Amino acid sequence: MAPSTKLPKDFIWGFATASFQIEGSVDVDGRGKSIWDDFLKLPGKSLDGKNGDVASDSYRLWKEDIALLASYGVRSYRFSLAWSRIIPLGGRNDPVNPKGIEFYSKFIDELLAHGIIPFATLYHWDLPQGLQDRYGGWLNKEEITLDYQNYARVCFEAFGDRVKHWLTINEPWCCAVLGHGRGVFAPGRSSDRNRSPEGDSSTEPWIVAHNIILAHAKAVTVYREQFKPTQNGLIGITLNGDWAMPYDDSPENIDAAQHALDFAIGWYADPVYLGFYPPYMREVLGDRMPDFTPEEWSIVKGSSDFYGMNTYTTNLCRAGGDDEFQGLVDYTFTRPDGSQLGHQAQSAWLQDYPDGFRAVRLSIFSLSSIVLTCVCEAPQLPMEGSNHCNYLTILATVTDIVLRYLQRYKLPIYVTENGFSVKNESDVNADEAVKDFDRVHYFQGTTKALLDAINVDGVDIRAYFPWSFLDNLEWADGYTTRFGVTYVDFETQKRYPKDSARFLIKWFKEREDPETAAKWDAKATKT
Ligand code: PNW
């Protein structure tokens, strides 16, 4: 029988954004500063010297933006709450700002009035500056885990009657490595004294990640104990999820791909879903790798109701190099024959390679079909890395992030980000930029991979959120890099749907399960 061409019942799709990247209005209605406010104003931190003071002006244009989303026919919207709007100074003894609560409350009501499911991220990197100044932010385990837990509680109390999908933390890898290792993201700490007056790249990233995982687990514990019984929502973390593929079929490069995954994904996913840190990380980092107490492990393990995955690209991995953040592995997009893995985006780290999204058995993996059979017949993959050989063989041959994570972590997957920055899109005007052929091409590939992962491979994927709804502040890249399916003219703040928005709207309309479509359409009281 031919596989279904429809999405499963109740499949959720929509677009994603984050507060600091779109809102602007940084000193309005009692908002406190976040660590990104001043960071981007320091010399050399922002590629174009610009900052988030206005961004896509969505704090002001929120109603129009929701109307635009509704006109796109989305079923959900993934947005983030700005901690420093809700608790301007951030801490558990600091006052809650009623205006911040009111803003997001109205925002959520408006989404629901349009029949759009709110998918809320609690933390998308905009830590209140007050907490960084007071005790070093994510470096201080005792303080930050309690303050984050308190902030989460305030949000569950204020919005949990209406928000049924929570993401605790977005991409902790970026906070740890880019914020406290390479020093290119706020708070900009690094051992490189040309970059940062203080910081220690050899210890801080591992501590920060550890504290983020614990803070996430503490928030989830509060939700499950105090709110879930009445509010009945789902809560989870969302992780970087780029695929790692061996550069060639040499055993050391097959190992390298696994090592890269351990440092990029296993670092967070193994503790949260399986209850241990990847053994290879401990091997490389020794004492620098922190550990949890048994009580902490008991709340960390199993602390996510689903697998939240942001996935953009694939890296070819070669053993060697001294980059600890990549697991002592070199990344490249250039294949051994000199060809490129995919089409290059504006972002240096991103190439278009949809096969990385689902099962693909490349010809360089001669044993692939045999091992694929093994995977099907033995769904219980070795958990502790104890069965070393088996684990590596499977990884080497099934170059499929989605299939692997279902097998290893065994939870429904919510794809919370996936997107592409078209080269030089900021150098052309709106008329040109809306013809974003490279982004359409990217989404043609990833939506096909999504459907095949669901209907051919049988992977339980429940949601898909292209990044991003709007062109916005791309962190340290400033406004030089655009990921939006909607073009934003940053002078006039006018919005122009791009061809990629049209492509995705049509694609989902044609593939939505008819019963689901009818059910959700009925929920919209406004059009
Ligand atoms: C993610 N890298 O960030 C974030 O969740 C978004 O806020 C961001 O706009 C989007 O992806 C596009 O960049 C990343 O260097 C930032 O590999 C950097 C990397 C990956 C993801």
Would you be able to say whether some residue in the range 127-136 is crowded, with 24+ Cβ neighbours inside 10 Å and either more than 16 Å from the ligand (Cβ to nearest atom) or acidic (Asp, Glu) (or both)? yes
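Rundown of residues vs (1) buried (at least 17 other Cβ atoms within 10 Å of the Cβ); (2) touching a strand residue (DSSP E or B) at 6+ places or on another chain (Cβ under 9 Å); (3) closer than 30 Å to residue 410 by Cα, yes/no style:
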residue	(1), (2), (3)
452	yes, no, yes
458	no, no, yes
466	yes, yes, yes
481	yes, no, no
498	yes, yes, no
Among the listed residues 81, 68, identify the single one that is among the aliphatic types (A, V, I, L, M), open to solvent by less than 10 Å² (accessible area, probe 1.4 Å) and in contact with a strand residue (DSSP E or B) (Cβ under 8 Å, 6 or more places away or on another chain). 81
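For (1) assigned to a loop (DSSP other than H, G, I, E, B); (2) open to solvent by less than 10 Å² (accessible area, probe 1.4 Å); (3) touching a residue at least 24 places away in the same chain (Cβ under 8 Å), each residue gets a yes or a no:
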site	(1), (2), (3)
268	no, yes, yes
273	no, no, yes
280	no, no, yes
284	no, no, yes
305	yes, no, yes
309	no, yes, yes
Candidates 41, 45, filtered to the one that is open to solvent by 80 Å² or more (accessible area, probe 1.4 Å) and modelled with pLDDT of 95 or more: 41
In the range 13-28, is there at least one residue being without any contact (Cβ under 8 Å) to a residue 12 or more places away in the chain, exposed (fewer than 15 other Cβ atoms within 10 Å of the Cβ) and more than 18 Å from residue 186 (Cα to Cα)? yes
Considering only the range 234-250, how many residues are part of a strand (DSSP E or B) and not small (Gly, Ala, Ser)? 9
For the range 98-209, which fully contained helices (runs of 4 or more DSSP H) count at least 2 residues that are hydrophobic (A, V, I, L, M, F, W, C) and at pLDDT 95 or above? 98-113, 141-159
Looking at the range 228-236, is at least one residue over 23 Å from residue 142 (Cβ atoms), within 16 Å of the ligand (Cβ to nearest atom), under 18 Å from the mean Cα position of the chain (by Cα) and open to solvent by less than 10 Å² (accessible area, probe 1.4 Å)? yes
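The values are calculated or read from the model by the stated rules, or taken from the named source; none is laboratory data. Just so we're clear, the structure is a prediction, and the values are computed from it rather than from any experiment. Note that each Cβ is placed from the backbone with ideal geometry, even for glycine, and that neighbours are counted across all protein chains shown. With ligands, DNA and RNA removed, areas are computed over all heavy atoms of the protein, side chains included. Shrake-Rupley method; radii C 1.70, N 1.55, O 1.52, S 1.80 Å.
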